[in-house]
Amino acid sequence: MSEEGAYMVFCMELYRREKNLTGKQVADLFSRYNVYDYIRKYFGAFHTMSEKLVFDDIDAYIARQGA
């Protein structure tokens, strides 16, 4: 698995844990709101942030997309 792929899994698990969701729920949510593309686009920046900042940023992004 690539470094980017492993980080994507990390972000999904982080979001799942913080929101108390299932893996399928997170995968569906990330697909629906293009979170995978968002993480890929800003991978370099995300990789330097704390878990809390990563979660907060992804959560805010999803909210901005209309969730």
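The values are calculated or read from the model by the stated rules, or taken from the named source; none is laboratory data. On a predicted model such as this, the values are computed, not experimentally measured, just so you know. Every residue, glycine as well, gets a Cβ built from its backbone with ideal geometry; the counts of neighbours run over all protein chains shown. The protein model used for the area step is the full one, side chains on, heavy atoms only, and it has no ligands, DNA or RNA in it. Shrake-Rupley method; radii C 1.70, N 1.55, O 1.52, S 1.80 Å.
Okay, here's what the table says:
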{"read-out": "Cleavage-rule hits, chymotrypsin sites (Phe, Trp or Tyr not before Pro), the chain, DSSP coil, Cβ neighbours within 10 Å at most 15", "value": "TYR42"}
{"read-out": "Per residue value of the accessible surface for the chain (all protein chains in place, 1.4 Å probe), Å²", "value": "63 Å²"}
{"read-out": "Stretchable slack from SER2 to ARG40, in nm (0.36 nm times residue separation minus alpha-carbon distance)", "value": "12.5 nm"}
{"read-out": "Percent carbon-and-sulfur accessible area, the chain, ignoring ligands, DNA and RNA, probe 1.4 Å", "value": "52 percent"}
{"read-out": "Binned Cα-Cα distance frequencies in the range 13-54 - 5 Å width, integer %", "value": "5, 23, 25, 28, 17, 2"}
